[in-house]
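What follows draws every value from the coordinates through simple rules; no lab data is involved. These figures come from a predicted structure and were not determined experimentally. Don't worry about glycine lacking a Cβ; one is built from the backbone with ideal geometry, like all the others, and counts go over all protein chains shown.
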Amino acid sequence: MKIITNDACTGYFRSGHPERPMRISRTQEKLHAQTDLSIAWTKPSAAPDESILRAHTPELLASLTQSEDFDADTPAHPGIADYARTSAGAALEAMRSARNGETVFSLMRPPGHHATRNQIMGFCYLNNIAIAALEALATGVKRVAVVDFDVHHGNGTEDILLNRDGAAFFSIHQFPAYPGTGRGNAGNNCFNYPVAPALPRAQYREVFSSAFEQLKKFKPGLVGVSAGFDAYANDPLAQETLEAEDFHWLGRQIRGLNIPTFSILEGGYSRDLPDLIFAYLKGLNGK
Ligand SMILES: [Zn+2]
């Protein structure tokens, strides 16, 4: 399988912030050390303006170079414009790889699913998955679905894909939780599956299964996955119950759709993140 990542994406941090470089560096170490999966490592390039501007306003793109923090969660790191562009570029590369029939995961930061059309927020600067989904629609894919299993609602992806012809969005997330949206469905194409805090794992899987059944009815030709690992029982930012084997199960479910899919990292803040990603990748790869 293909992993799209680079060493440069660990180059920004703020002391005490949970979205930290070790999320990537320790996962890279884990994947280099294992022998279950045969991995082709690929480096991303920056997303072009044309692709970014399908999802975001020119004002948001220009604001990436500002020096004031965007909000209390989302610092104005030096160079964040380049980091964000490269994370979006990795999502584009993942999308193209999926269309070539490859199993692919983008192991990059910053994440993207909270960034709306015109607002940077929630650790997210550019909405990587939405940029990739809109690029797919603009380049010949007729129907694209995005599945978001991060424990937080993908409010930014919903905002960008809302009522877009050819797009559908399925988010399974803890509610109530940050950012406070996603209680019910939105528009004609955004399907939200709110999950009560501390829902037992077996019931959480049933919610995922419902979302996948709804997704199949949409008959997408391509599926993008916002893969967040913060519904894990030991994640410090949420109150859910999933274990590594649930992420393995999720990988297998997504593989079982028999549709080209690409997955990109969103959240996941526990020390066990490398193990959770590894479990998911093994499921995606049919192991
Ligand atoms: Zn999250």
> P(r) of the chain in 10 Å steps, Cα pairs, percent per bin?
Replying inline: 7, 33, 40, 19, 1
> How much of the DSSP beta bridge set in the chain is antiparallel, as a percent to the nearest 5?
Replying inline: 10 percent
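Evaluate Rg over Rh across segment 1-90, taking Cα atoms for both radii and Kirkwood's formula for Rh. If you can, show how the numbers build up before the last one.
Values: Rg = 15.1 Å, Rh = 14.8 Å.
Computed over Cα atoms, the ratio is 1.02.
Quick one, can you get me the convex hull of the C-alpha atoms of segment 162-287 expressed as volume per residue in Å³?
On the way: hull volume 12.4 nm³, N = 126.
Given the Cα convex hull of segment 162-287, per-residue volume reads 98 Å³.
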> Could you give the nm distance between label points at ALA196 and TRP41, where each point is 7 Å from its Cα heading toward the beta carbon?
Replying inline: 4.6 nm
> Which of the listed residues, SER226, THR241, ASN188, is farthest toward the dipole's positive end in segment 187-242, when Lys, Arg count +1 and Asp, Glu count -1 at the beta-carbon?
Replying inline: ASN188
>> What whole-number distance in Å separates the alpha-carbon centres of segment 227-272 and segment 76-135?
In response: 18 Å
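Which percentage, to the nearest 5, of the DSSP beta bridges contained in segment 122-255 is antiparallel? Write down the numbers at each step before the final one.
Values: 1 of 18 bridges.
Here the share of antiparallel DSSP bridges comes out near 5 percent.
If packing is taken as the mean number of other Cβ atoms within 10 Å per residue, what is the order of 223-229, 94-100, 58-64, highest first?
Values: 223-229: 28.0, 94-100: 20.6, 58-64: 15.1.
Those peptides, ordered most packed to least, come out 223-229, 94-100, 58-64.
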> Among all the lysines, which ones have a C-alpha under 28 Å from LYS287's C-alpha, if same-chain residues fewer than 8 places away are not counted?
Replying inline: LYS2, LYS30, LYS43, LYS216, LYS217, LYS219
> Label GLU102 and ARG183 with points 7 Å out from Cα along Cα→Cβ: what is the distance between them in nm?
Replying inline: 4.3 nm
>> If the reach is capped at under 19 angstrom between alpha carbons, list the aspartates and glutamates near LYS282, excluding any in the same chain fewer than eight residues apart.
In response: GLU29, ASP36, GLU102, ASP148, ASP150, ASP230, GLU243, GLU245, ASP246, GLU266, ASP272
>> List the aspartates and glutamates whose Cα sits under 17 Å from the Cα of LYS142, skipping any in the same chain fewer than 8 residues away.
In response: ASP165
